[in-house]
Amino acid sequence: GADVTTLPLIVDYMSIYYISLVLLAVPSVGANALRATGDASISGTIMVSGSILHMVLGPFLIFGLLGLPALGLAGAAWANLIARLLVFIVTIYVLAYREHLLSYTQLTFQAAMDSWRRIMAVSIPATATNLIGPVSTAIVISLLASFSQEAVAGFGIASRIEGLFVIPLFALSASIGPFVGQNLGADRHDRADAAMIWSFKYSLGWGALVAILLYFLRNEVSALFDDNTTVIEVAALYLLLVPVSYGSWGVLMMASAIFNSLGKPVSSTIMSIIRMFVLYIPLAFLGK
């Protein structure tokens, strides 16, 4: 749906953004490794610091403050790249020198293959699960693009707002897996069961609270990101309907994380496939 005006801006941003993806893998894996050791605070501190640095650098590179070149949208991408580079460096340092989780012992080929095989038994289905969401979103955006750029923009704004409000659910899903796995390994099934039940209750409660807030504030929140009336209407409509499902989405997140911690990632993948390819995308085509 991009026209000759917006397409060059997209290319300027994404050509730099794609480079930064290379730097995202180690911090993501490292954060999970740190949480698995029971030290969730340091991984959270690193990630939050990276986000703050990104926000601080953004205006300087976008608008050319303090004599820096005004790079426009590309400046936002460069701010993202620099922040991710520093997060990458700090994560490596913490893993190697603070937690001593990096080993330089040379593995035999057979030992390496055995290790990779055990990791891939979980990581491949988990990767498929994580790919389902972006692929589904891309399909839906392509459908929206057939209507108008305003529809795509409104969906994008609503998705960003949605991302802010479901951060607590993502944070809990990142924590519940290691917690349940650790307690099951220690034969504390009572604690694991209690954690699962409370995570489900929290998800439903938080989802209900967000749905109520956005019901009353959807227009005002959408207007913070754009002044186009059509874009605001699209975003507000999304924020009227979709937040009702946030509670059940949170339960799905928790269940998926728990299945992964139990070494049963295929169950998580199946749930995501049903959600996206059996329900979400077919209903989107039907709605079109």
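The values are calculated or read from the model by the stated rules, or taken from the named source; none is laboratory data. All values derive from a computational prediction rather than experimental measurement. Note: ideal-geometry Cβ built from the backbone for every residue, glycine included; neighbour counts use all protein chains shown.
What residue, among those in segment 43-52 that are surrounded by 18 or more Cβ atoms within 10 Å (Cβ to Cβ) and at pLDDT 85 or above, is nearest to P178 (Cα to Cα)?
Selected residue: I46.
With respect to S146, is the statement that it is closer than 26 Å to S28 by Cα, hydroxyl-bearing (S, T, Y) and touching a Lys or Arg at 6+ places or on another chain (Cβ under 9 Å) true?
No: the conditions fail for S146.
Which numbered condition trips up A138, out of (1) surrounded by 15 or more Cβ atoms within 10 Å (Cβ to Cβ); (2) without any contact (Cβ under 8 Å) to a residue 40 or more places away in the chain?
In the conditions (1) surrounded by 15 or more Cβ atoms within 10 Å (Cβ to Cβ); (2) without any contact (Cβ under 8 Å) to a residue 40 or more places away in the chain, A138 misses (1) alone.
Could you run through segment 69-95 and say how many residues are free of Cβ contacts under 8 Å to residues at least 12 places away in the same chain and among the aliphatic types (A, V, I, L, M)?
Going through segment 69-95 one residue at a time, the tally reaches 3.
Determine if segment 98-107 includes at least one residue that is assigned to a helix (DSSP H, G or I) and outside the structural domain of R275 (by TED's automatic domain parsing).
yes
Looking at segment 54-71, which of its residues are within 20 Å of R84 (Cα to Cα) and assigned to a helix (DSSP H, G or I)?
Within segment 54-71, H54, M55, V56, L57, G58, P59, F60, L61, I62 meet the criteria.
So that you can scan it fast, the table gives a plain yes or no per residue for (1) surrounded by fewer than 17 Cβ atoms within 10 Å (Cβ to Cβ); (2) touching a Lys or Arg at 6+ places or on another chain (Cβ under 9 Å):
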{"residue": "L21", "(1), (2)": "yes, yes"}
{"residue": "V29", "(1), (2)": "yes, no"}
{"residue": "G58", "(1), (2)": "no, no"}
{"residue": "A70", "(1), (2)": "yes, no"}
{"residue": "A77", "(1), (2)": "no, no"}
{"residue": "L95", "(1), (2)": "no, no"}
{"residue": "L102", "(1), (2)": "yes, no"}
{"residue": "W116", "(1), (2)": "yes, no"}
{"residue": "I124", "(1), (2)": "yes, no"}
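Here is a yes/no grid of residues against (1) under 18 Å from I281 (Cα atoms); (2) at pLDDT 85 or above; (3) in the same structural domain as A255 (by TED's automatic domain parsing):
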position	(1), (2), (3)
D114	no, yes, no
L131	yes, yes, yes
S136	yes, yes, yes
I139	yes, yes, yes
A145	yes, yes, yes
E150	no, yes, yes
G154	no, yes, yes
I157	no, yes, yes
R160	no, yes, yes
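Under 9 Å between Cβ atoms, at least 6 apart or on separate chains: pull out the pairs that start in segment 96-121 with a residue that is on the phi > 0 side of the Ramachandran plot and end on any residue that is β-branched (V, I, T) and in a helix (DSSP H, G or I).
Correct list of pairs: empty, since none qualify.
Would you be able to say whether some residue in segment 91-100 is closer than 29 Å to R275 by Cβ and β-branched (V, I, T)?
No, segment 91-100 has no match at all.
Taking segment 272-282 on its own, how many of its residues are under 18 Å from the mean Cα position of the chain (by Cα) and not basic (K, R)?
Residues that pass the stated criteria total 3.
Out of all the residues in segment 231-242, is one or more surrounded by fewer than 16 Cβ atoms within 10 Å (Cβ to Cβ), of a type outside the set (F, W, Y) and touching an Asp or Glu at 6+ places or on another chain (Cβ under 8 Å)?
yes
Where residues in segment 148-170 are farther than 18 Å from L240 by Cβ and free of Cβ contacts under 8 Å to residues at least 40 places away in the same chain, which of them is surrounded by the most Cβ atoms within 10 Å (Cβ to Cβ)?
Step by step, filter segment 148-170, then rank; the result is P168.
Among the residues of segment 8-18, are any of a type in the set (D, E) and assigned to a helix (DSSP H, G or I)?
Scanning segment 8-18 turns up at least one residue that is of a type in the set (D, E) and assigned to a helix (DSSP H, G or I).
For residues that are of a type in the set (A, V, I, L, M, F, W, C), over 18 Å from the mean Cα position of the chain (by Cα) and modelled with pLDDT under 95, scanning just segment 242-264, find the one that is nearest to T127 (Cα to Cα).
F259
Hey, does segment 29-50 have a residue that's in contact (Cβ under 8 Å) with a residue 24 or more places away in the chain, under 30 Å from G154 (Cβ atoms) and in a helix (DSSP H, G or I)?
Within segment 29-50, one or more residues are in contact (Cβ under 8 Å) with a residue 24 or more places away in the chain, under 30 Å from G154 (Cβ atoms) and in a helix (DSSP H, G or I).
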